[in-house]
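Structure below; questions to follow.
The values are calculated or read from the model by the stated rules, or taken from the named source; none is laboratory data. Bear in mind that the values here come from a model prediction, so they are computed numbers and not experimental data. Using ideal geometry, Cβ is built from the backbone for each residue, glycine included, and neighbour counts are taken over all protein chains shown. All accessible areas refer to the heavy atoms of the entire protein, side chains included, with ligands and DNA or RNA removed. Shrake-Rupley method; radii C 1.70, N 1.55, O 1.52, S 1.80 Å.
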There are 2 protein chains.
Amino acid sequence: MAKSRLEKQIDFAVEIDKLKDVERKTLLMSGVRPETSAEHSWHIALSALFLSEHSRDKDLDLFHVLKMLLIHDLVEIDAGDTYCYDPVDKTAVKQKEQRAAGRIFHLLPLDQSQEFFALWEEFEAGATPEARFANALDRFLPVISSFMTEGLEWKKRGIRRGQVEERARPISEASPTLFDCISRMIEEAVKKGLLRP
Amino acid sequence: MAKSRLEKQIDFAVEIDKLKDVERKTLLMSGVRPETSAEHSWHIALSALFLSEHSRDKDLDLFHVLKMLLIHDLVEIDAGDTYCYDPVDKTAVKQKEQRAAGRIFHLLPLDQSQEFFALWEEFEAGATPEARFANALDRFLPVISSFMTEGLEWKKRGIRRGQVEERARPISEASPTLFDCISRMIEEAVKKGLLRP
């Protein structure tokens, strides 16, 4: 018998619980363990609510930003978290994530599956003001976490200033204010020896 | 020197990271550990996106629901998580949470602090359609988690059917469909011996 809409939605609600099992490299600011991708998604979605005034685009559809942030990492359930400073085969990661999106979103009723897939693709493409701001937050908060944990995971992995700067660069397009803030933080991190010059 | 808006917002972004350190009684569906309040907040906020069609109120402001869900547990940073089936002094918990809301939200610039405080109070009062639906999701997902983990934490604490039913009752006001779904799940949980009759 075909599943009802609600049955499909419950299947999806159960499936996405697995994002709580995906560990990131970024530590909790308390330093006790790595954060999970679910926690990270919550943190950046909530941060969008009080940081959106710093968006370059003043007509930002914040509701749309929230939707993207809440679902942007779901593909990691299958594809795992890729540390942003690791050298990886980007095409292979992309393919893995595309397959993951296909499998996971298709648990939902077709209309919702298509909506979520489109939101995820919009986030990945980063071409709309909403996607640019969502991506900016995804790059902004982890730098604060690293700074607050005295660069523990930067030091462990020998991360250099240039790597963090390159990762942060797209923030300038979405929000010059947040980009300035991160640039000063990177500067201070180097001075404090948390980050290699 | 007075802090800038952005400095206050960064302080808040750092403070709320602590919600990732707050453990709930509900287990991850993988069963490996309790979920954190941050993970729970993400799960119910995302679930609002694909379950809102089941709301009794068809004009629901879903953006508003999301805002409430993202911030509803922040008071637990100071007040801790109260297990929904534990006998507690509700007035004492309420006072503790009020103080927590005062301290935490006031890290933000005044206008945002007032907005977040109002959202939290609206959620707590549960009097608007949006607050009722947000509260329904907060009660709906944990039952699914308990069911999926074979009632592990229900059994450990000797939870009875009546307790879960009482906790679930307000869902009927917000969504008869979700309430029916949970009622059937409770019925099955009792049959399977996951829940005491």
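May I ask you to list the residues in segment B:32-46 that are in contact with a Phe, Trp or Tyr (Cβ under 8 Å, 6 or more places away or on another chain) and closer than 17 Å to A:Leu119 by Cβ?
B:Trp42, B:Ala45
Which members of segment A:160-186 meet the condition of being among the hydrophobic types (A, V, I, L, M, F, W, C) and open to solvent by less than 10 Å² (accessible area, probe 1.4 Å)?
Within segment A:160-186, the subset among the hydrophobic types (A, V, I, L, M, F, W, C) is A:164, A:168, A:171, A:174, A:178-179, A:181-182, A:185-186.
A:Val164, A:Ala168, A:Ile171, A:Ala174, A:Leu178, A:Ile182, A:Ile186, listed by residue number.
Among the residues of segment A:169-189, are any farther than 20 Å from A:His43 by Cα and within 16 Å of the chain's Cα centre (by Cα)? Quick ask: steps written out before the conclusion?
Initial filter on segment A:169-189 (farther than 20 Å from A:His43 by Cα): A:169, A:172-173, A:176, A:180, A:183-184, A:186-189.
Those left that are additionally within 16 Å of the chain's Cα centre (by Cα): A:169.
Scanning segment A:169-189 turns up at least one residue that is farther than 20 Å from A:His43 by Cα and within 16 Å of the chain's Cα centre (by Cα).
Moving on to the next point. I'd like to check something: does segment B:129-143 contain any residue that is touching a helix residue (DSSP H, G or I) at 6+ places or on another chain (Cβ under 6 Å) and more than 30 Å from B:Arg33 (Cα to Cα)?
Among the residues of segment B:129-143, at least one is touching a helix residue (DSSP H, G or I) at 6+ places or on another chain (Cβ under 6 Å) and more than 30 Å from B:Arg33 (Cα to Cα), which makes the answer yes.
Let me ask another. Just wondering, is there one or more residues in segment B:80-100 that are within 13 Å of the chain's Cα centre (by Cα), under 29 Å from B:Lys3 (Cα atoms) and touching a residue at least 12 places away in the same chain (Cβ under 8 Å)?
Yes; the residues of segment B:80-100 include at least one that is within 13 Å of the chain's Cα centre (by Cα), under 29 Å from B:Lys3 (Cα atoms) and touching a residue at least 12 places away in the same chain (Cβ under 8 Å).
Of all residues in segment A:11-21 being facing chain B (nearest Cβ under 7 Å) and of a type in the set (A, V, I, L, M), which is surrounded by the most Cβ atoms within 10 Å (Cβ to Cβ)?
That would be A:Ala13.
Also, quick follow-up: Test B:Glu115 against the criterion of being within 18 Å of B:Leu70 (Cβ to Cβ) and free of Cβ contacts under 8 Å to residues at least 12 places away in the same chain, and give yes or no. Can you show your working first?
On the way: within 18 Å of B:Leu70 (Cβ to Cβ): yes; free of Cβ contacts under 8 Å to residues at least 12 places away in the same chain: yes.
Answer is yes for this residue.
Looking only at residues that are open to solvent by less than 60 Å² (accessible area, probe 1.4 Å) and not in a helix (DSSP H, G or I) in segment A:126-138, which one is nearest to the other protein chains (Cβ to nearest Cβ)?
Step one: of segment A:126-138, the residues open to solvent by less than 60 Å² (accessible area, probe 1.4 Å) are A:126, A:128-131, A:133-138.
Next, only the ones that are not in a helix (DSSP H, G or I) stay: A:126, A:128.
On the way: A:Gly126: 21, A:Thr128: 18 Å.
Going through the qualifying residues, I end up with A:Thr128.
If I go through segment B:76-109 residue by residue, how many of them are more than 14 Å from chain A (Cβ to nearest Cβ), over 25 Å from B:Arg161 (Cα atoms) and of a type in the set (Val, Ile, Thr)? So that I can check it myself, show each step before the final result.
Applying the first criterion (more than 14 Å from chain A (Cβ to nearest Cβ)) to segment B:76-109 yields B:78-103.
Those left that are additionally over 25 Å from B:Arg161 (Cα atoms): B:78-80, B:91-92, B:94-103.
Pick out the ones that are also of a type in the set (Val, Ile, Thr) and you get B:91.
Result for segment B:76-109: 1.
Let me ask something else. Give the residues of segment B:10-41 that are β-branched (Val, Ile, Thr) and under 14 Å from A:Leu19 (Cα atoms), sorted by residue number.
Quick first cut of segment B:10-41, residues β-branched (Val, Ile, Thr) only: B:10, B:14, B:16, B:22, B:26, B:32, B:36.
Within segment B:10-41, B:Val32, B:Thr36 meet the criteria.
For B:Val75, work out the one condition from (1) more than 29 Å from A:Trp120 (Cα to Cα); (2) out of contact with any Phe, Trp or Tyr (no Cβ under 9 Å at 6 or more places or on another chain); (3) open to solvent by less than 30 Å² (accessible area, probe 1.4 Å) it doesn't fulfil.
(2)
I'd like to verify a number: residues in segment B:105-121 that are of a type outside the set (S, T, N, Q), closer than 20 Å to B:Asp78 by Cβ and open to solvent by less than 70 Å² (accessible area, probe 1.4 Å), how many?
The number of residues fulfilling the criteria is 8.
Which residue out of B:Lys8, B:Lys67, B:Lys25 is over 22 Å from A:Ser52 (Cβ atoms) and among the charged types (D, E, K, R)? Full working, then the answer.
Working: B:Lys8 fails: over 22 Å from A:Ser52 (Cβ atoms); B:Lys67 fails: over 22 Å from A:Ser52 (Cβ atoms).
So the residue among B:Lys8, B:Lys67, B:Lys25 that is over 22 Å from A:Ser52 (Cβ atoms) and among the charged types (D, E, K, R) is B:Lys25.
Name the residues in segment B:50-70 that are under 16 Å from A:Ile44 (Cα atoms) and more than 7 Å from chain A (Cβ to nearest Cβ), would you?
Listed by number, the residues that qualify are B:Met68, B:Leu69.
Which one of the conditions (1) touching a His at 6+ places or on another chain (Cβ under 9 Å); (2) more than 20 Å from A:Ile104 (Cα to Cα); (3) more than 9 Å from every other protein chain (Cβ to nearest Cβ) does A:Asp73 fail to meet, given that it meets all the rest?
Single failed check for A:Asp73: (2).
Collect the residues in segment B:139-152 that are under 19 Å from B:Ser41 (Cβ atoms) and open to solvent by less than 10 Å² (accessible area, probe 1.4 Å), keeping them in residue-number order.
Once the filter is applied, which keeps residues that are under 19 Å from B:Ser41 (Cβ atoms) and open to solvent by less than 10 Å² (accessible area, probe 1.4 Å), segment B:139-152 yields B:Phe140, B:Leu141, B:Val143, B:Ile144, B:Ser145, B:Ser146.
For segment A:22-49, name all the residues that are of a type in the set (D, E, K, R), open to solvent by 30 Å² or more (accessible area, probe 1.4 Å) and either in contact (Cβ under 8 Å) with a residue 24 or more places away in the chain or within 11 Å of B:His43 (Cβ to Cβ) (or both).
A:Glu23, A:Lys25
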